[in-house]
Each structure stands twice: as structure tokens, then as C-alpha cells.
Amino acid sequence: SRIRAVGRRIRITSGAPVDVRIVSLAGRVVRMEQLPAGDSEIGGLPAGVYVVILSDGSRAKVAVR
């Protein structure tokens, strides 16, 4: 899986469906989503730094601007 920030959106590419948790640096879960395989984008988040955790074990820290 691949996780990256593109401007104000988080883009996730996965080879299989995944559950996603987006967590603030303070440790609060700000969004949970179920995404299909392929490319997906998540928007509507305030600017900040988040940890994105996928159910396949992938994780990344991203900065939304």
C-alpha cells in the first residue's frame, strides 16, 4: 500500500480493500473509512499532521496543508 498527502487530500493506493484510521498527533481518531482496492482520496480534513493507519499494517505520517 502507498499513503501520501496531495495538497489538502490524503491519497491511498492499495491492492486490496482496507480499513483506514486517521489519527491526529494528539492521539485522537479523526476519521475512519473503508476503502476499496485501487486509488482512493480522503479530503475534508483541517490542515495538520496525521498518522494514517491501514488494516494491512501500513502506516505513514502525512501533512495536510
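The values are calculated or read from the model by the stated rules, or taken from the named source; none is laboratory data. Predicted model only: the values in this text are computed from it and were never measured. When the accessible area is computed, the model is the full protein with side chains, heavy atoms only, and any ligands, DNA or RNA have been set aside. Shrake-Rupley method; radii C 1.70, N 1.55, O 1.52, S 1.80 Å.
Could you do me a favour and compute the accessible area per residue for the chain, 1.4 Å probe, result in Å²?
Per residue, the chain has 60 Å² of solvent-accessible surface.
Quick one: with all protein chains in place, what share of the accessible area of the chain is carbon or sulfur, to the nearest percent (1.4 Å probe)?
Numbers: 1910 of 3870 Å².
C and S atoms contribute 49 percent here.
What list of ³J(HN,Hα) values in whole Hz, one per residue of the range 36-43 in order, does the Karplus curve 6.51 cos²θ - 1.76 cosθ + 1.60 (θ = phi - 60°) give from phi, with Gly and Pro shown as x?
Each residue of the range 36-43 in turn: x, 5, x, 8, 9, 10, 10, x Hz.
Please work out which option in [x] 3.6; [y] 4.4; [z] 7.4 gives mean projected area of the Cα convex hull in nm² calculated from these coordinates, and answer with its label.
Structure-derived value, by its label: [x].
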